[in-house]
1. For segment 4-214, rounded, prolate or oblate, judged on the Cα gyration tensor with a ≥ b ≥ c (square roots of eigenvalues), a/c < 1.5 rounded, else prolate if a/b > b/c?
2. Could you check the spin-label model distance between residue 172 and residue 153? Points 7 Å from the Cα along Cα→Cβ, value in nm.
3. Expressed in nm to one decimal, what extension gain is obtained for the pair residue 207 and residue 65 from 0.36 nm per residue of sequence separation less their Cα-Cα distance?
4. Could you work out the local net charge near residue 199, counting Lys and Arg as +1, Asp and Glu as -1, over the other residues with Cβ closer than 10 Å to its Cβ?
5. Determine the sum of side-chain charges near residue 109: Lys and Arg each +1, Asp and Glu each -1, restricted to other residues whose C-beta is under 10 angstrom from that of residue 109.
6. Please report, to two decimal places, log10 I(q)/I(0) for segment 115-232 at q = 0.12 Å⁻¹ as given by the Debye formula with identical point scatterers on the Cα atoms and no solvent.
7. Taking Cα pairs under 8 Å and at least six residues apart, what relative contact order does segment 4-214 come out at, in percent?
8. Please list 60-71, 133-144, 163-174 highest first by mean number of surrounding beta-carbon atoms within 10 Å per residue.
Amino acid sequence: MQSAEQARARDSSFNAGNDDTPGCYEHIDDPAYWERTLDDRYTIGVARTLDDQFQCMMVRGLVYIGEQNSPYPEEFDGNDHSATHVLLREDDEPVGALRIRYFGEFAKIERVAIRAPYQGRGLGAPLFGYAIALIKYKGYRKIYGHSQERLLSFYRKFGMKPISKPFHFSDHVYYEVLCTVEGGGRSLSLESDPMQLLRPEGRWDERGIMELSQDRDPTNPGVQPSGADSGS
């Protein structure tokens with residue numbers, strides 16, 4: 001894996017998450033960009049295994065329940081099994097997480113969390129930026145979320161602007177935030193190769209296990225010949 005210095009040299013726009021310019025990250029649509037900006041110790045990606053998901057829940061428990069006193073049933077609200085989870089690690093230690101839920105015309109980023117010992121290191125931008133790029137790649141053009149007032153400047157970096165009056169839930173005041181992004185050539189669609197759509201979430205540029213299965217000739221095991229009794 002390349003060093004952080006090499007990543008910065010390759011991506012001249014890298015600013016370690018400290019640029020307060022509104023919209024400064026808005027046009028980045030490659031999830032791998034955010035992976036390249038991280039120090040060698042860090043990895044970021046979709047939670048693919050049960051253990052990955054446990055690590056995401058642990059991070060959120062520490063941040064929202066431990067630091068912000070959120071009640072357990074409000075933090076773990078029944079939506080986790082219908083969401084995509086993104087996990088940030090330092091070596092083998094989980095340090096950040098968020099989840100994405102998909103609706104008809106928009107995707108929603110929520111439960112963004114960085115553990116207290118790792119806050120202030122510029123890790124929020126790669127975590128959030130990775131999720132934004134993932135959503136864009138899936139073809140969504142509207143990205144929605146809820147922001148506390150103290151974090152509005154962070155959301156503005158990604159082009160997300162307040163669209164509502166403040167409202168409150170779970171003991172905090174929030175604003176609805178939204179950005180609308182332009183379509184790009186990288187987006188998945190019905191025009192995409194069918195084998196690309198079978199690849200694991202977030203790894204759409206890598207040959208997947210189903211493509212490896214194409215090395216075998218199709219034998220249709222377990223399928224009855226046409227006209228035979230299927231037993232149903």
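Derivation of every value follows stated rules applied to the coordinates shown; laboratory data play no part. A quick note: this is a predicted structure, and the numbers were derived from the prediction, not measured. So basically every Cβ, Gly included, is an ideal-geometry build from the backbone, and we count neighbours across all protein chains shown.
1. Since a/c stays below 1.5, the shape of segment 4-214 is classed as rounded.
2. 1.8
3. Once the chain is fully extended between residue 207 and residue 65, it gains 47.2 nm.
4. Here the charged neighbours net out to -3.
5. Result for the local shell: +3.
6. Cα-only, vacuum Debye calculation for segment 115-232: -0.67.
7. 21
8. 133-144, 60-71, 163-174
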